[in-house]
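Below you'll find the structure, written out as structure tokens, and then a few comments.
The values are calculated or read from the model by the stated rules, or taken from the named source; none is laboratory data. Keep in mind that what you see is a predicted model, and the values were worked out from it rather than measured. Every residue, glycine as well, gets a Cβ built from its backbone with ideal geometry; the counts of neighbours run over all protein chains shown. Keep in mind that these areas ignore ligands, DNA and RNA; they rest on the heavy atoms of the full protein, side chains included. Shrake-Rupley method; radii C 1.70, N 1.55, O 1.52, S 1.80 Å.
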Amino acid sequence: QVQLVESGGGLVQAGGSLRLSCAASGRTSSINAMGWFRQAPGKEREFVGNIHWSAGNTYYADSVKGRFTISRDNAKNTVYLQMNSLKPEDTANYYCAAERSPVVTRRASLYDYWGQGTRVTVSS
């Protein structure tokens, strides 16, 4: 089992920045990739980006490309989501997830472990 705990959410004005953290514990050796997803009220959960745990390759949704950056600190078993130039439409609950499959995917259903989520609110 892997446990994930997100932190760093909050209220920020449009154009501002936030950094989310996701600390993993447990059988972290089983993790192949970590993903970030978000879900706004009344909407489906959507892919934000992910990172290959060992290689560090990152992939982003078009909606956040150039504004968001995912990084990881393997020594701390922590993944970060740096969010810049935030927009009101970025308002959502943000979740990190861990995938064991060797195929890095954007599909939420293929992630094995999920954090509890952290709320990000961007005011206009």
Subset of the stretch 36-56 [out of contact with any strand residue (DSSP E or B) (no Cβ under 7 Å at 6 or more places or on another chain) and on the phi < 0 side of the Ramachandran plot]: P41, K43, E44, S54, A55
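Suppose the filter is open to solvent by 60 Å² or more (accessible area, probe 1.4 Å), within 16 Å of the chain's Cα centre (by Cα), at pLDDT 95 or above and among the basic types (K, R); does R38 pass it? I'd like the intermediate steps shown before the answer.
Working: open to solvent by 60 Å² or more (accessible area, probe 1.4 Å): no; within 16 Å of the chain's Cα centre (by Cα): yes; at pLDDT 95 or above: yes; among the basic types (K, R): yes.
When the stated conditions are applied, R38 does not pass them.
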Mind checking which residues of the stretch 83-96 are of a type in the set (A, V, I, L, M, F, W, C), touching a Gly at 6+ places or on another chain (Cβ under 8 Å) and closer than 13 Å to Q39 by Cα? C96
Name the single residue, out of those in the stretch 61-75 being among the aliphatic types (A, V, I, L, M) and touching a Gly at 6+ places or on another chain (Cβ under 8 Å), that is surrounded by the fewest Cβ atoms within 10 Å (Cβ to Cβ). A61
Scan the stretch 76-112 residue by residue and report those that are surrounded by fewer than 19 Cβ atoms within 10 Å (Cβ to Cβ), farther than 27 Å from R27 by Cβ and touching a residue at least 60 places away in the same chain (Cβ under 8 Å). N84, S85, K87, P88
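Give the stretch 4-33 a look and list any residue that's within 23 Å of V103 (Cβ to Cβ) and either open to solvent by 30 Å² or more (accessible area, probe 1.4 Å) or in contact with a Lys or Arg (Cβ under 7 Å, 6 or more places away or on another chain) (or both), or say none.
G26, R27, S29, S30, I31, N32, listed by residue number.
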